[in-house]
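This report refers to the structure that appears directly beneath it.
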Amino acid sequence: MEPPIRTARRTLPLFVGAACLALALTGCAGEDGPAQARQTPSASTAPQPVPALSAAQARDVITRYSKIDNEANTDRDRRLLDTVEDGPLYAMSVSGYTETEGLPAADRKPYKPWSYDSADAKLYIPRLGAGQDRWFAAALSDQKGKAPSRLAVFAERPQHKRWEMVSVVDLDSPDLPDIALDHDGHATAVTADDNNLAADAKLLRTAVLDNFATGGTNTGTKVFTPTKASKRQIEVHDKTGTRFGAQGTTVFAGAANRYTDAYALKTTDGGALILFSHMHTQTDAVAHSGLQINPGKDDRAWLHDVPRTSIRYTFVCNDAATVPAKAEPSRLIGYTCARTDASGPPAPSWSDRA
């Protein structure tokens, strides 16, 4: 539900032709030459990476997304939304529907239609080889003439013959990553687990989880240089973890991640922009018997206003980071999270409150 979201060939060298030229006087170039030499393909016939789609097609994808997303959001139509969203973004959007449906009608805010400015969207369309899944990234604004505020990934779903948005990240700065573009303006896709980079998607995910779980003590502050996004994650750990004082505790931990796809584009410094997703939990618990945690109204859809002795929240998040080619810290440039579940044992008494 938009906006906002709450809560990558080797070619063969021309050795064959060169050998035939050197040996022309001995018959190499004739029909009696070795069959293997005649059948070896040249670099010019090897398949070359091609753009995932044209710029015009990409803008049409963005326009279609905005239109159908509005239609789906108006009635919280999950089936219709499923035709333009997938992966972690779909899970996050549906959680927004669920949260709204848990509120009394009087507390539900009227839906306001919106659209991305597809004409001014900054497109990063990679060249992809045969067999690679097709995708592209776009820096988007939901206000015409305004600098992009979000970085999104659209992926083709061949089984449905359509493109869907799978990830979107709120950016902390209008300064976009310096993506390397060829003479035709196309980007280069790289593998998100490239060992030549200072950090791959797996390490980035571990560092993000550490920001939440420990305040970055173990890997977070080692992998990331301080940015608004990384500082904000650490602040969530620091402030949320102490808000109950002596009456309760809050513990963050990683959750089994259902969204392991990651997308990476080469940057001008030889590094990469990597877009990935993660899941984490937040468990609030009372310090001793006789206390209870009262759910807030935004938790009603899952917890139904029933006081609990502990509550375990599950979050799905999209993250974006720029990674250098050499051994230097990476930069977390944005992330977006949504609560997708909440559960916990009911309190035996409703007397004292945490």
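The values are calculated or read from the model by the stated rules, or taken from the named source; none is laboratory data. This is a predicted model, so every value here is computed, not measured. Methodologically, a virtual Cβ is constructed for each residue, glycine included, from the backbone with ideal geometry; neighbour enumeration extends over all protein chains shown. With ligands, DNA and RNA removed, areas are computed over all heavy atoms of the protein, side chains included. Shrake-Rupley method; radii C 1.70, N 1.55, O 1.52, S 1.80 Å.
Here are the numbers for the structure shown:
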read-out	value
Accessible surface, per residue, of the range 45-106 when the full set of protein chains is kept, probe 1.4 Å, Å²	44
Average accessible surface area per residue within the range 150-230, 1.4 Å rolling probe, Å²	46
Calculated on alpha-carbon atoms, Rg and Dmax of the range 65-171 in Å	15.1, 53
Principal axis box of the range 280-351, alpha-carbon based, largest edge first, Å	57, 26, 13
Pairs beyond 29 Å (Cα-Cα), from LYS231/LYS266; LYS202/LYS228; LYS146/LYS202; LYS231/LYS326; LYS109/LYS202	LYS146/LYS202; LYS109/LYS202
Rounded to the nearest 10 Å², the accessible area of LYS222 at probe 1.4 Å	130
Those aspartates and glutamates that a straight Cα-Cα span of less than 18 Å connects to LYS297, excepting residues fewer than 8 apart in one chain	GLU99, GLU101, ASP107, ASP284, ASP305, ASP341
Electrostatic dipole magnitude of the chain [Cβ: Lys, Arg +1; Asp, Glu -1; Cα centre; debye, to 20]	340
Label-zone membership for the range 146-172, site LYS67, 7 angstrom Cα→C-beta point, backbone N under 12 Å	none
Equivalent ellipsoid semi-axes - Cα gyration tensor, the chain, angstrom	48, 24, 17
Protein accessible area in the chain, 1.4 Å probe - carbon and sulfur %	53
Solvent exposure of the range 246-311 as accessible area per residue, Å², 1.4 Å probe	40
Qualifying chymotrypsin sites (Phe, Trp or Tyr not before Pro) in the range 98-138, DSSP loop, other Cβ atoms within 10 Å at most 14	TYR111, TRP114
